[in-house]
Amino acid sequence: MISFQTTEHAQTLAQAIMNTLPEPFLVLDDQFRVLAASAAFYRTFEVDPEQTIGCLLYALGDGQWDIPSLRVLLETIIPERTAMDGFEVEHDFPRIGRKTMFLNARQVVYEDHSKSTILLAIRDATVSRTIEREKDELQRQTQELLRQKDVLLQEMEHRVANSLQIIASILLIKARAVSSEETRKHLKDAHQRVMSVAEVQRHLHTSAGLDTVDVRSYLTKLCSSLGSSMIGESQPIEIKVRADSGAIGSDKAVSIGLIVTELVINAIKYAFPESKADAHIYVTYETNELDWKLTVSDNGVGQTASDVKGTGTGLGTAIVQALVSQLEAVRESVIDENGMEISVTRATFTSGLPNVA
């Protein structure tokens, strides 16, 4: 403790300490008159010492400090609790505008109990509160924009689904009306592919996310729907899906979904021309960071399937190859007496070894 020779020395030190504080600070007597104020108080609230010291707090600046919530703090809360931290006050000051303040108050009771003083620290939180309100408003606007985006996306998906359904119906009607068997076949193939696109679109629409899709759930639902709509009772075929967990982008999901749809439909139509026990189609999706591999395989007729599907230059093959190129992947086929396996691989690994060829 410092021993002061005079009271003036102690007051000088106390005032110097107050002026060092970066935030406004007041010392009030038990009648709420200002005994001392920090330099930060004068600077922040643009008042003069001559108009402050000795004045009733509520009368400062033509009554601009006569704030109901401040009265509650000083006249009700402080006498009961002796101290209060973080008491928020918001008020419009005529000269400096609206201020948001956090008040910390302490009542100092002396030994003789005849007098007391109140220490009042004021933290100006106007800027931080304004930033918080602006942030909240931006979040509200963002949520509203996302809601509008969802509504527009749902409306667009609904219209796309209706349009695809109409096109598929027209193709089916035309297929029934034409006399040429070859034209009828082409129209039915076109109808099937439109329905495949609609099926992919429907599964993307039912996914929880807009930008990403859970690949395992997506492929499982897609293959289940394809099986229920295309596999007849005369030749039961089990479609099994094995996929690593994880999410993929919706744009990538569209391409992969269309590839799977085309290859699964092809296997259902051509791999089992005769009834076979334990007929199955496997759809697998493996991933390793950026690399992935999609495989569709069956245990059908294998090599003789080429006689049915021709040279592999049809529309279905062209669609698959275009999608594979779009995904920057590579397509490979393995055909033997045990069936057919078609894989689509996307590999980002580049060998650092020299080419010895």
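The values are calculated or read from the model by the stated rules, or taken from the named source; none is laboratory data. Since the structure is predicted, the reported quantities are computational estimates derived from the model, not experimental observations. Neighbour counts are summed over all protein chains in view; Cβ atoms, including those assigned to glycine, are modelled from backbone coordinates with ideal geometry. Quick note on the areas: whole protein, heavy atoms, side chains included, nothing else; ligands and nucleic acids left out. Shrake-Rupley method; radii C 1.70, N 1.55, O 1.52, S 1.80 Å.
Where a Cα-Cα gap under 14 Å defines reach, which aspartates and glutamates qualify for residue 293, not counting those fewer than 8 residues away within the same chain? Excluding near neighbours in sequence, the set is 244, 328, 332, 341. The HN-Hα couplings worked out from phi for the stretch 223-239 by the Karplus form 6.51 cos²θ - 1.76 cosθ + 1.60 (θ = phi - 60°) are 5, 4, 5, 4, x, 5, 8, 10, 8, x, 6, 5, 9, x, 10, 8, 9 Hz, whole numbers, x standing for Gly and Pro. Taking every lysine pair in the stretch 213-289 that is 8 or more places apart or spans two chains, those with Cα atoms closer than 17 Å amount to 4. Placing unit charges on the Cβ atoms only, positive for Lys and Arg and negative for Asp and Glu, gives the stretch 22-156 a dipole magnitude near 220 debye about its Cα centre.
Residues whose amide H comes within less than 5 Å of that of residue 281, counting only those at least five positions distant or on another chain, are 238, 239, 240 (H built at 1.01 Å from N in the peptide plane). Taking P(r) over Cα pairs in 10 Å bins from 0, in percent straight from the coordinates, which label in [x] 4, 17, 25, 22, 19, 11, 2, 0; [y] 5, 21, 26, 22, 15, 8, 3, 0, 0; [z] 4, 17, 18, 11, 6, 6, 9, 11, 10, 6, 2, 0, 0 is the correct one? The calculated read-out lines up with [z]. Helical content of the chain, expressed as a calculated mean residue ellipticity at 222 nm, amounts to -15000 deg cm²/dmol (DSSP H runs of 4 or more residues, -39,500 (n - 2.57) each, divided by residue number, nearest 500).
Rank 211, 136, 85 by mean-square fluctuation in a GNM of the chain with C-alpha springs under 10 angstrom and give only the top-ranked residue. Highest fluctuation among the options: 85. Which percentage, to the nearest 5, of the DSSP beta bridges contained in the chain is antiparallel? That works out to approximately 90 percent antiparallel.
Within a straight-line Cα-Cα reach of under 16 Å, residue 174 can be paired with the following lysines, leaving aside sequence neighbours fewer than 8 residues apart in one chain: 185, 188. Considering only 316, 86, 257, the mean-square fluctuation computed in a Gaussian network model of the chain, springs between alpha carbons under 10 angstrom, is largest for 86. Build a GNM of the chain with springs between Cα atoms under 10 Å apart, and of 250, 128, 297 the one that fluctuates most is 128.
DSSP assigns beta bridges within the stretch 151-294; of those with both partners inside it, close to 55 percent run antiparallel.
Surface analysis of the stretch 24-103 yields an accessible area of 49 Å² per residue, using protein heavy atoms and a 1.4 Å probe. Among 18, 195, the order of accessible area from largest down is 195, 18, computed with a 1.4 Å probe on protein heavy atoms. Computed 3J(HN,Hα) for the stretch 175-184, one whole-Hz value per residue from the Karplus formula 6.51 cos²θ - 1.76 cosθ + 1.60 where θ = phi - 60°, is 4, 6, 8, 6, 9, 6, 5, 5, 5, 4, glycine and proline marked x. Protein heavy-atom surface of the chain, 1.4 angstrom probe: 54% of the accessible area is carbon and sulfur, with nucleic acids and ligands not counted. Using C-alpha pairs under 8 Å with a sequence gap of at least 6, the mean separation divided by the residue count of the chain gives a relative contact order of 8 percent.
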